[in-house]
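These notes are about the structure you will find just below.
The values are calculated or read from the model by the stated rules, or taken from the named source; none is laboratory data. Nothing here was measured: the structure is a model prediction, and the numbers come from that model. Counting neighbours? That spans all protein chains shown, and the Cβs are built from the backbone with ideal geometry, glycine included. What goes into the accessible areas is simple: the full protein's heavy atoms, side chains included, and nothing from ligands, DNA or RNA. Shrake-Rupley method; radii C 1.70, N 1.55, O 1.52, S 1.80 Å.
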Amino acid sequence: LYDDEWQTVLKSHPDNFRLDYAISREQENRKGGKMYVQDKVEEYADEIFKKLDNGAHIYFCGLKGMMPGIQDMLKTVAEGKGLDYDEWSKGLKKKKQWHVEVY
């Protein structure tokens, strides 16, 4: 989808949809480095994990090189919450809540 389509979704579902951007050439993360998707996911980790526990779906789409950083961050957050990352992610995949399209 293009930005104008996301903006339409946001306007029609403001209570059920969050739109944010990670633009590495324009933004800095909390540590002063480039902003990547995993930084945004980590920023909203409590909300994301709660929503996933309640049946939400998570989608990752882009270059396959981004997934190791995202998975490392999710593992760190999951372990900080007392979860076994491998079991947690397997559960999301089994319930078809985990969607990855990389190339």
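According to the Cα gyration tensor, what semi-axes, each the square root of 5 times an eigenvalue, does the equivalent ellipsoid of the chain have, listed from largest to smallest in whole Å? Let's see the in-between values first.
Working: eigenvalues 93, 70, 40 Å².
Over the Cα atoms of the chain, the ellipsoid semi-axes are 22, 19, 14 Å.
With both labels modelled 7 Å from their Cα along Cα-to-Cβ, the E26 to K94 distance reads 4.2 nm. List the chymotrypsin sites (Phe, Trp or Tyr not before Pro) within the stretch 1-85 that fall in a DSSP loop (any state other than H, G, I, E or B) and whose Cβ has at most 15 other Cβ atoms within 10 Å. Here the sparse-neighbourhood loop sites are Y2, F17, Y21, Y44.
So which of K31/K93; K51/K93; K50/K93; K51/K90 end up more than 19 Å apart by C-alpha? Walk me through the intermediate numbers first.
On the way: K31/K93 31 Å; K51/K93 15 Å; K50/K93 16 Å; K51/K90 17 Å.
In this structure, K31/K93 lie more than 19 Å apart at Cα.
Can you give the charge dipole size of the chain about its Cα centre, rounded to the nearest 20 debye, using +1 on the beta carbon of Lys and Arg and -1 on the beta carbon of Asp and Glu?
Numbers: 17 positive and 19 negative charges, 61 e Å.
Roughly 300 debye for the chain.
For the chain, the 222 nm mean residue ellipticity estimated from helices alone, with every DSSP H stretch of n ≥ 4 adding -39500 (n - 2.57) and the total spread over all residues, rounds to -14000 deg cm²/dmol. Looking at the chain, the accessible area is 75 square angstrom per residue; that uses a 1.4 Å probe and ignores ligands, DNA and RNA. Loop-located trypsin sites (Lys or Arg not before Pro) in the stretch 7-85 (DSSP state other than H, G, I, E, B) with a sparse environment of at most 13 neighbouring Cβ atoms within 10 Å: R18, R25, R30, K31, K81. Please compute the contact order of the stretch 8-98 in relative form: average sequence separation of alpha-carbon pairs under 8 Å and at least six residues apart, divided by the residue count, as a percent. Once normalised by length, the contact order is 21 percent.
Using a 1.4 Å probe over the heavy atoms of the protein chains, calculate the carbon and sulfur portion of the accessible area of the chain as a whole percent.
On the way: 3850 of 7710 Å².
So the carbon and sulfur contribution to the accessible surface is 50 percent.
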